[in-house]
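Below: one structure, written as structure tokens.
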Amino acid sequence: MPAYNSAGTVGETLESVRAQSFADWEVVVCDDLSTDDTIDRVEQLRDGRIRVVPSPVNGGPAAARNRALGHAESELIAFLDADDLWRPDYLERQVRRYDEECRRGRRVGIVACNALLAKDDGSLEPHTYFELFGRRKLEPVTVERLLRRNTIFISCLVPRAAGEQAGWFDPDLFGTEDHDLWLKIVELGYDVVIDHEPLATYRRGATSISRNTPRQAQNNQKTLLAALRRGRLTPRQQRVARSELRYNRALAAVAAAAFDHKPPPARALPDVLWVAVTRPAQWGQWLTALRSQ
């Protein structure tokens, strides 16, 4: 668990872990040089299964997760952000599903789940995480589909062997470091197993990275470029990556221009016009995203 100035939520988040029906767990919290009472809130729980690893610098969530991973002892790793929540049977179901699929001979790299969406005031939104993508259930996760969109919620289970082979999180990425890791794992031939029932709660704050459209589009470009540079994509997958790269360039330009109340720069117009011609259905998504800013 990476934690930065999470004093207001980390206690409730950790209580959701302590309430798990699956009892064999440990929590490693990496405090990313918080300036509030995050460490105090964790230590107030007085639970020997929960350890705090302080970071010497504020390196961002990817670096914090990697630092926590260096102190974790389990062969199965479950990720949890410091403001999200687990349902009491989250670990029990995730571990059981991992064991079942492995017995069937599958090479499992990720066990993902659906999630409820919570607002800043704690109330739940009327739809789930998967419904953000227009459906209640997601089709099998492939490299191509993952290049188009990150549909895997951060609260998922990853075997240590798969994560280490993929190189864990890239500290140069901010906000899409999880998307990058999922891509690396699936590129290596691992399967993604999905539980379509909401086993977690995702708190989508007004200041979250995913709600900042220009920044998210910039981060998406870095993730796609990294996938292309790794050299593992097939020619078809490369075309998908380049198409998504162009789409995110256009989205970043339009969103930044909207913030500044002026037209996009001339250099962005070819990409914007390309999106208008090739993806007319997505203009509605753009307007919704910009309106939410």
#### Entry: Residue-averaged [θ]222 nm for the chain, counting only DSSP H segments that reach four residues, each worth -39500 (n - 2.57)
-13000 deg cm²/dmol
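Roughly how compact is the range 74-164, stated as its Cα Rg over 2.2 N^0.38 Å to two decimals?
1.16
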### Task
Give me the lysines in straight-line cross-link reach of LYS222: C-alpha distance below 17 Å, same-chain residues under 8 apart excluded.
LYS184
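Thinking of the chain as a set of Cα atoms, what percent of all their pairs are more than 36 Å apart? Show your work: numbers first, answer last.
Values: 6877 of 42778 pairs.
Taking all Cα-Cα pairs of the chain, the fraction more than 36 Å apart is 16 percent.
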## Note on the structure
Checked the range 212-292 with the C-alpha gyration tensor, a ≥ b ≥ c its square-rooted eigenvalues, rounded below a/c of 1.5, otherwise prolate if a/b is larger than b/c and oblate if not; verdict prolate
### Message
Output wanted: per-residue J couplings in Hz (rounded whole) for the range 153-162, from phi through Karplus 6.51 cos²θ - 1.76 cosθ + 1.60, θ = phi - 60°, x for Gly and Pro.
### Response
5, 4, 6, 9, 10, 10, x, 3, 4, 5
### Surrounding net charge for ASP83, when Lys and Arg each add one and Asp and Glu each subtract one, Cβ distance under 11 Å
-2
### Summary
Listed with the fewest Cβ neighbours within 10 Å leading, LYS184, LYS262, LYS119 appear as LYS262, LYS119, LYS184
### Message
Which of ILE185, ILE110, ILE39 has the fewest other C-beta atoms within 10 Å, and how do the rest follow up to the most?
### Response
ILE39, ILE110, ILE185
### Message
List the residues, sorted by chain then number, that are 5 or more residues from CYS156 or on another chain and whose placed amide H is less than 5 Å from its amide H.
### Response
PHE79
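Readers should treat all values here as calculations from the given coordinates under stated rules, not as data from a laboratory. Everything quoted here is computed from the prediction, not taken from an experiment. Glycine gets a Cβ as well: all are built from the backbone with ideal geometry, and neighbour counts include every protein chain shown.
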